[in-house]
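Notes to accompany the following structure.
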Amino acid sequence: MNNMEIELTSDIKWVLACNASDVPENGGACVKHEDEQIAVFNFTRKNEWFATQNLCPHKQQMVLSRGMIGSTGENCEPKVACPFHKKTFSLHSGECLSGDDFSIKTYPVKLIGEKVYIGIRSTT
Amino acid sequence: MLNEKPTIIVIGNGMVGYKFCEKLVAKTNSFRLEVFGDEPRPAYDRVHLSEYFSGKTADDLLMNTLEWYAENEINLHLNDPVQEINRDNKTVHSLKGTVLKYDYLVLATGSSAFVPDIPGVEKEGVFVYRTIEDLELISAYSKNARNGAVMGGGLLGLEAAKALIDLGIKDTHVIEFAPRLMPRQIDQPGSAMLQMKLKELGLQIHLNKSTTEIAGNGKVDALNFADDSSLPIDMLVISAGIRPRDELAKLAGLEVGTRGGIVVNESMQTSDESIFAIGECALYNGMIYGLVAPGYEMAEVVVSKLNAGEKQFTGFDMSTKLKLIGVDVASFGDPFINEPDCRTIALEDTSKGVYKRINITKDGKTLLGGVLIGDAEDYNMLLQTVKNNMALPPNPEDLILGARGGEAGEGGAGVMSLPDDALICSCEAVTKGAICCKVRDEGIITADGIKKATKAGTGCGGCMPMVKDLVNGTLKEQGMYVKNVICEHFDYSRQELLDILKMNNVRTYDEALDHYGRGDGCEVCKPAVASILSGLWNDLIVKQQPIQDSNDRYLANIQKGGTYSVVPRIPGGEITPEKLIVIGQVAQKYNLYTKITGGQRIDLFGAHVNDLPNIWEELVDAGFESGHAYGKSLRTVKSCVGSTWCRFGLHDSVSFAIEVEDRYKGIRSPHKLKGGVSGCIRECAEAQAKDFGIIATEKGWNLYVCGNGGSKPQHAQLIAADVDKETCIKYLDRFLMFYIKTADPLTRTATWLNKMEGGLSYLKNVIINDSLGICEQLEEEIQGLIDTYHCEWNEVVKNPELRKRFSHFVNAPEEKDPSVAFDTMREQVKAREW
Ligand code: SRM
Ligand SMILES: Cc1cc2nc3c(=O)[nH]c(=O)nc-3n(C[C@H](O)[C@H](O)[C@H](O)COP(=O)(O)OP(=O)(O)OC[C@H]3O[C@@H](n4cnc5c(N)ncnc54)[C@H](O)[C@@H]3O)c2cc1C
Ligand code: SF4
Ligand code: FES
């Protein structure tokens, strides 16, 4: 444990998630990666992809991939709304935008051709 | 260098030490800052430490990034505790051998968990709960533990117990020495109520228990108590209080308290005036403040002192509000003061698990303090009332009973009566004046905006509801006109948008947004537009799946745990034995909980999303259709048995109910629609509680509209009397289409009528006397919707592309969500409590 450095820009492993066409336009889908559930969002309007944890921290429900996406504010901050109680979360920062003090984990996404990859930070 | 800046060394990079740096660099850059931290990572949010178990990473919890320290030229020595302070040379010496000279020293060493002197504390499987490393150890050990205990029933102990439950330890115990839980914050009846609620959640609580030994061979396997009882456990978390880390100060000869803590004055100076102590290590006026807000205030005082300011620390309010395992707990002001020194009003509702107590002065004029368990919604307002010495209402019990009748409290009139200097966010010291000013002068009109602009709500977050009320209250005071628009993406009311989309033949959401909206839409306008488009064109809703509200998207209602319910249509409540058997078979096959609904049909709960198409395939094969229980559309037309069997029945209410239900099924509307048909005025179908109700009379049928059950029940009103069946349906056609076209999103017919200028007589004029000349058009439009009816489930089960959307994992479509869990109750499944 001694002299452990904090890794803020740690290594990222890119994991093949699915085909782009598997995720509905302007919608989401849930990807299984080992024991983790990751929600991927195909934000067609912005021509961007996002990924977050699938667990809604409000009541610990595995549903964010079934949430509705959209944007808020002047800068069109992309967000997802949980289907249960409509708590919304920024797809950029994972911050809860409905004023609660929990947030969700976000993952980088990249598209190579038809394939969607999610970046997993290695924790060692 | 000669004119080098004076150096401040901060020992401890915890929450308060960090806050000191943040506040200092925001004010001045005339000091050099060196920070030593014992822990391997920069300061993190200890208050939200437990969220580490609910998915947050250590990085998420950081107060700020390493880049931030670098940008602000703060030299951070992590993993390098200071071991000695030499006050004569004004130097500090660290473990790694660094020696640095200081002009000022700030001790922010915090505290450590207090571990009582009980035999066995050194055993394997015994933990404390203070740092990320502690949590990592607990988490790793818990994998092999079936039962666990927390020693200490205070605030932190209960939080640790929640963590154990979250880690999957079902059998979790709390051991408390005192006769009640949270002895520092709440009273005996409050503790009893909290205990009852926590028990319901599966936590076992032992009060008056003094532990004499932590037993086990090398690793803990039981606790032995003074009363000779014992409890077998696999792991133990000790949370018996905190001990200020004053060892370094003691070594340097600074004055410390007899029970620990570095003695400080109003300016947070220790007995050496160039050395300050702040946060949980500081002892002010004989007291250690174990919360962040007072620590932040102390940091502010030192920053002020170093900049020749006057700010002093004069004690701090220790009021707290928290959610413990889902139960609200709050204590404010003086919670314990008793009669005859004051008047105490208490309210106890064991069925709801709510206990509220307020202490007021004997003259009934001011509030002194109180305790809230189970429902702490009033906390912020009560706290402000204490802090600002505000006058109480004539009946002080209203403070905890809530206003009776009327709509008082809406729009936050209460908060607007606070003085401008009322402290709204005590973590960041933001006043009401500062918040209202941002709204008035800078036009920041969202709670998030205020959060960013003032930092209010960034600490514990407890003040956010009040911030929202203040924003709305200020807007109202300004006489700001709040236009009835759908949301930030569309500047139109639902009715306006419907007209626009119709005129321009708009068929998709994206078209609507591109031409008549802005941004990327949201969870408010997407379903609203989806409903408008259905009302206009009645296309298959699954074609535009992502804009449908979650239930519409999966053509089923989402339940606790993420499974869905299945509600086949049973028109008029009439069903053949054959169909009943099919429902039973399907429920058995897919292990669904089965219940007769309040709407005369059968609901099957607990279906995995991947099973939905298979379930519906079987139901569709047996002749069932979607019941649209998920949609804002027609639910049920309830019927009584009517003249076919009933000795009082005037006409055949069942046949009429089925006819009406079949006519309007599937049509989307601003909110859901329900109907009822009764065979006589005994009204067994409760038709007058529905959006439309039909009651048989000697001469024909009476038609009632705009009734509602729900939270604000309202009877339907008679709009046509003694009409024949055909006329009744004609009026209904017009009525429903008029509602579909003109109501705001999510407005039931009752509310729509209540808001309508001219009320019932206007509605009657439009529907019956055709005062707007639109009746023919309304009839045509609704006929169009009736003619394009389709059962959505029928379409989905036939279409492999659509079926594909019903999976949990896109990359493993056969697999079910492993986080779904059920319990058993009365021989059926039930969703696992969340
Ligand atoms: C299943 C059922 C309860 C039961 O076990 O009996 C039920 C269950 C739900 N009701 Fe209800 N309501 C049920 C009959 C009622 C009734 C009684 C009736 O219809 O005769 C009422 C009062 C009558 C009325 O609507 O005016 C009723 C008034 C509500 C309301 C309040 C509506 C209002 O105007 O205030 C809601 C909330 C809402 O819709 O926004 C609601 C919402 C819900 C939701 C959809 C809550 C949700 O979003 O998850 C429940 C989910 C059902 C599901 O998953 O299948 N439910 N609900 C009943 C289904 C009837 C059916 O066969 O479709
Ligand atoms: C699980 C949990 C939940 C909590 N919940 C709440 C809550 O809801 N509300 C609330 O107000 N408060 C809460 N608290 C208390 C709150 O976290 C503390 O009041 C706050 O962290 C105190 O800040 P501090 O900087 O004084 O001490 P700390 O955060 O403990 O920081 C002190 C730091 O100094 C370091 N240090 C000590 N000695 C040395 C040395 N010689 N050299 C270098 N570094 C040293 C320590 O390693 C530590 O990193 C909670 C605490 C815990 C553990
Ligand atoms: S009354 Fe409330 S709890 Fe019961 S079914 Fe309706 S919405 Fe759900
Ligand atoms: S579970 Fe997601 S908002 Fe409640």
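Numbers at a glance
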| item | result |
| --- | --- |
| Selection status of residue B:712, basic (Lys, Arg) and assigned to a helix (DSSP H, G or I) | no |
| Odd one out for residue B:519, checked against (1) at pLDDT below 90; (2) within 29 Å of the chain's Cα centre (by Cα); (3) not in a helix (DSSP H, G or I) | (1) |
| Strands (runs of 3 or more DSSP E) lying entirely in region A:27-91 (those with 2 or more residues that are more than 7 Å from every other protein chain (Cβ to nearest Cβ) and closer than 21 Å to residue B:815 by Cα) | A:27-33, A:36-43, A:48-53 |
| Qualifying positions in region B:413-459 - at pLDDT below 80, surrounded by fewer than 21 Cβ atoms within 10 Å (Cβ to Cβ), touching an Asp or Glu at 6+ places or on another chain (Cβ under 8 Å) and within 14 Å of chain A (Cβ to nearest Cβ) | B:458 |
| Within region B:683-703, tally of residues that are within 13 Å of ligand 1 (Cβ to nearest atom) and surrounded by 24 or more Cβ atoms within 10 Å (Cβ to Cβ) | 6 |
| Any hit, region B:65-81, residues being surrounded by 18 or more Cβ atoms within 10 Å (Cβ to Cβ), in contact with a helix residue (DSSP H, G or I) (Cβ under 7 Å, 6 or more places away or on another chain) and within 13 Å of chain A (Cβ to nearest Cβ) | yes |
| Residue match in region B:749-769 (condition: under 18 Å from residue B:635 (Cβ atoms), in contact with a Phe, Trp or Tyr (Cβ under 9 Å, 6 or more places away or on another chain) and modelled with pLDDT of 95 or more) | yes |
| Condition met for residue B:261 (buried (at least 21 other Cβ atoms within 10 Å of the Cβ) and either over 19 Å from residue B:21 (Cβ atoms) or within 16 Å of ligand 1 (Cβ to nearest atom) (or both)) | yes |
| Region B:227-266, residues that are within 19 Å of residue B:90 (Cα to Cα) and assigned to a loop (DSSP other than H, G, I, E, B) | B:246, B:252, B:253, B:254, B:255 |
| Some residue of region B:78-88 being over 33 Å from the mean Cα position of the chain (by Cα) and more than 29 Å from residue B:253 (Cβ to Cβ) | no |
| Residue check for residue A:52: crowded, with 23+ Cβ neighbours inside 10 Å and touching a Ser or Thr at 6+ places or on another chain (Cβ under 7 Å) | yes |
| Cβ pairs under 9 Å, 6+ apart, first in region B:610-635 and within 24 Å of residue B:673 (Cβ to Cβ), second within 16 Å of ligand 4 (Cβ to nearest atom) and basic (Lys, Arg) | B:630/B:553 |
| Meets criteria (in a helix (DSSP H, G or I), surrounded by 14 or more Cβ atoms within 10 Å (Cβ to Cβ) and in contact with a strand residue (DSSP E or B) (Cβ under 7 Å, 6 or more places away or on another chain)) for residue B:718 | no |
| Condition check for residue B:831: under 30 Å from residue B:325 (Cβ atoms) and of a type in the set (A, V, I, L, M, F, W, C) | yes |
| Residue tally, condition crowded, with 19+ Cβ neighbours inside 10 Å and outside any loop (DSSP other than H, G, I, E, B), over region B:489-509 | 6 |
| Condition met for residue B:650 (assigned to a helix (DSSP H, G or I) and away from ligand 2 (no atom under 16 Å from the Cβ)) | no |
| Number of the exception - residue B:259 against (1) under 26 Å from residue B:337 (Cβ atoms); (2) in contact (Cβ under 8 Å) with a residue 12 or more places away in the chain | (2) |
| Residue within region B:31-53 that is β-branched (Val, Ile, Thr) and away from chain A (no Cβ under 11 Å) present | yes |
| Test result for residue B:555, farther than 25 Å from residue B:631 by Cβ and within 14 Å of chain A (Cβ to nearest Cβ) | no |
| Test: residue in region B:571-581 that is of a type in the set (Asp, Glu), part of a helix (DSSP H, G or I), out of contact with any strand residue (DSSP E or B) (no Cβ under 6 Å at 6 or more places or on another chain) and at pLDDT 95 or above | yes |
| Selection within region B:790-832 - facing chain A (nearest Cβ under 10 Å), acidic (Asp, Glu) and within 29 Å of the chain's Cα centre (by Cα) | B:817 |
| Evaluation of residue A:14 against (1) outside any strand (DSSP E or B); (2) at negative phi (one fails), failing number | (1) |
| Any hit, region B:663-678, residues being under 27 Å from residue B:631 (Cβ atoms) and in a helix (DSSP H, G or I) | yes |
| Qualifying residue in region B:749-771 (condition: within 14 Å of chain A (Cβ to nearest Cβ) and touching a Pro at 6+ places or on another chain (Cβ under 9 Å)) | no |
| Any hit, region A:100-113, residues being assigned to a loop (DSSP other than H, G, I, E, B), in contact (Cβ under 8 Å) with a residue 60 or more places away in the chain and on the phi < 0 side of the Ramachandran plot | yes |
| Some residue of region B:610-627 being surrounded by fewer than 20 Cβ atoms within 10 Å (Cβ to Cβ), closer than 24 Å to residue B:797 by Cα, hydroxyl-bearing (Ser, Thr, Tyr) and in contact with a Gly (Cβ under 9 Å, 6 or more places away or on another chain) | no |
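The values are calculated or read from the model by the stated rules, or taken from the named source; none is laboratory data. Keep in mind the model is a prediction, meaning the values are calculated, not measured. Cβ coordinates were reconstructed from backbone atoms using ideal geometry, including for glycine residues, and neighbour counts include every protein chain displayed.
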